[in-house]
Amino acid sequence: MNIPFSPPYIDDAVVNEVVDTLRSGWITTGPKTKALEDEIQALCGAGAVLCVNSWTSGAILVLRWLGVKPGDEVIVPAYTYCATALAVLHAGATPVMVDSNEDFTISVEAVRKAITPRTKAILPVDIAGFPCDYEAIMRLVQDAGIRAMFQAESPVQEKLGRILVLSDAAHSLGAYAKEGVLTGCETDVVVFSLHAVKNVTTAEGGAICLNLPEPFDNGDLYKDLRLQSLNCQTKDAFTKTKAGGWRYDIVGFGMKVNMADVNAAVGLAQIRQYDKLLKRRIEVFHVYNKAFSDCDWVICPPFESEGKRSSCHIYALRVRGIDEEQRDRMIDYISRQGVAVNVHFIPMPMLSFFKGLGYRIEDYPQAYRNYCCEISLPIYPQLTDEQAEYVARVVKEAYTVVVKQA
Ligand SMILES: *Cc1c(COP(=O)(O)O)cnc(C)c1O
């Protein structure tokens with residue numbers, strides 16, 4: 001049996017929506033992008049939602065708006081995809097890496113210790129779709145002592161008067177951040193990724209959810225960031241195609257990171273059926289949990305606790321007590337049986353570029369422990385129970401061959 005890792009969900013509804021866009025005569029930012037923004041906002045309840053061409057560019061856009069500059073610090077977990085820290089570097093600030101908890105979420109205690117007067121933002125990551133402890137993180141940035149340490153150095157920072165919390169929800173669309181609260185509205189700014197492997201995709205894309213407190217106006221901020229995402233050009237291409245609409249101005253130093261309608265169409269058709277798609281992901285997650293229920297050597301990924309619930313983006317299985325070399329040999333065995341698996345993630349301090357910047361994995365022991373025994377199994381709505389059971393059987397065989405019989 002050949003089982004791919006994470007094929008996109010492309011059904012007739014997706015194809016028809018894309019064809020409709022192609023035939024409409026308008027393929028870049030316009031009505032479909034707006035419709036997708038409205039769907040995401042309706043799903044998660046954010047103050048406003050702006051779609052852009054990736055999570056990465058969305059995060060850079062927000063950090064530039066915040067006004068970070070060289071010497072400023074943004075706290076990120078060491079255990080995440082590299083984009084989390086690269087966005088900080090692109091915006092001109094320094095990523096300060098901290099360790100994670102056993103459940104993959106950022107350690108709030110480690111965040112507290114890492115805060116300095118130069119800290120401008122915290123960027124927690126919902127690894128595998130399981131939300132971080134946002135109540136504790138929001139309490140931390142609102143703490144009187146932490147606020148007193150904060151040094152505002154831009155108009156936006158003055159207005160906020162504290163550290164910004166920008167969450168990396170690349171994996172967690174549709175997850176519950178707390179009882180009855182979906183991800184998208186739990187922090188100041190939440191950015192979803194709509195990349196090809198994510199739960200809902202536009203091939204490449206991202207969605208910025210705005211929930212800034214008073215005196216910010218999230219509707220105004222949406223307009224401002226939308227302008228920033230289109231070179232700060234006062235008239236977008238859609239408006240300029242109308243007769244007589246030729247004159248425009250450039251009113252600032254923006255970026256060019258808008259989402260195209262032809263991309264938005266893919267996500268639009270998917271998000272309209274996301275209830276069904278997410279339900280099926282959760283079912284697959286439980287097929288795995290059940291298959292491994294008799295294996296004391298398996299640590300199943302976190303799903304639900306204290307009102308939080310995962311979006312089941314990744315089935316991050318961990319094998320108790322194995323080292324990196326045994327994990328790699330298990331993956332070789334599993335791959336030879338036709339099952340594509342992955343590792344989420346190689347902690348950033350283990351990657352050449354970040355090593356070169358001086359980060360050391362020894363400083364993040366829990367990130368290393370989570371990584372060295374982790375194997376991500378295929379999980380997506382198209383996966384059948386039989387396929388998931390086959391994957392679980394192959395993982396058990398791999399354990400027997402590599403660990404038990406060794
Ligand atoms: C996919 C991913 C990103 C980057 O998303 P893009 O849309 O490809 O820029 C960021 N953070 C995490 C945790 C991711 O998995």
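The values are calculated or read from the model by the stated rules, or taken from the named source; none is laboratory data. Predicted model, so just to flag it, every value in this text is computed and none were measured. Heads up, the Cβs are rebuilt from the backbone with ideal geometry, glycines too, and the neighbour counts pull from every protein chain shown.
Scan region 287-306 for residues that are modelled with pLDDT of 95 or more and under 22 Å from the mean Cα position of the chain (by Cα) and the total you get is 6. Here residue 26 meets the list (1) crowded, with 20+ Cβ neighbours inside 10 Å; (2) away from the ligand (no atom under 12 Å from the Cβ); (3) under 30 Å from residue 269 (Cα atoms) almost entirely, failing just condition (1). Among residues of region 128-146 that are free of Cβ contacts under 8 Å to residues at least 24 places away in the same chain, those with a beta-carbon under 8 Å from a residue that is of a type in the set (D, E, K, R) and in a loop (DSSP other than H, G, I, E, B) at least six positions away or on a different chain give the pairs 142/162. Do the conditions hold for residue 105, that is, is it under 22 Å from residue 368 (Cβ atoms), more than 12 Å from the ligand (Cβ to nearest atom), in contact with a helix residue (DSSP H, G or I) (Cβ under 9 Å, 6 or more places away or on another chain) and at pLDDT 95 or above? For residue 105, the condition - under 22 Å from residue 368 (Cβ atoms), more than 12 Å from the ligand (Cβ to nearest atom), in contact with a helix residue (DSSP H, G or I) (Cβ under 9 Å, 6 or more places away or on another chain) and at pLDDT 95 or above - is met. Answer with yes or no whether residue 406 is of a type in the set (Gly, Ala, Ser), at pLDDT below 95 and away from the ligand (no atom under 16 Å from the Cβ). Against the criterion (of a type in the set (Gly, Ala, Ser), at pLDDT below 95 and away from the ligand (no atom under 16 Å from the Cβ)), residue 406 qualifies.
Scanning for something crowded, with 20+ Cβ neighbours inside 10 Å, part of a strand (DSSP E or B) and not hydrophobic (A, V, I, L, M, F, W, C), does region 357-374 turn up at least one residue? Yes, because at least one residue in region 357-374 is crowded, with 20+ Cβ neighbours inside 10 Å, part of a strand (DSSP E or B) and not hydrophobic (A, V, I, L, M, F, W, C).
Taking region 65-87 as the range and being surrounded by 20 or more Cβ atoms within 10 Å (Cβ to Cβ) and away from the ligand (no atom under 12 Å from the Cβ) as the test, the residues that pass are 66, 68, 72, 73, 74, 75, 78. Only helices (runs of 4 or more DSSP H) whose full extent lies in region 222-297 are considered here, and the ones with at least 3 residues that are surrounded by fewer than 18 Cβ atoms within 10 Å (Cβ to Cβ) are 237-240, 274-291.
Look at region 188-199: where a residue is of a type in the set (D, E, K, R) and at pLDDT 95 or above and a partner is more than 7 Å from the ligand (Cβ to nearest atom) and in a strand (DSSP E or B), sitting 6+ places away or on another chain with Cβ atoms under 7 Å, you get 188/164; 188/165; 188/166.
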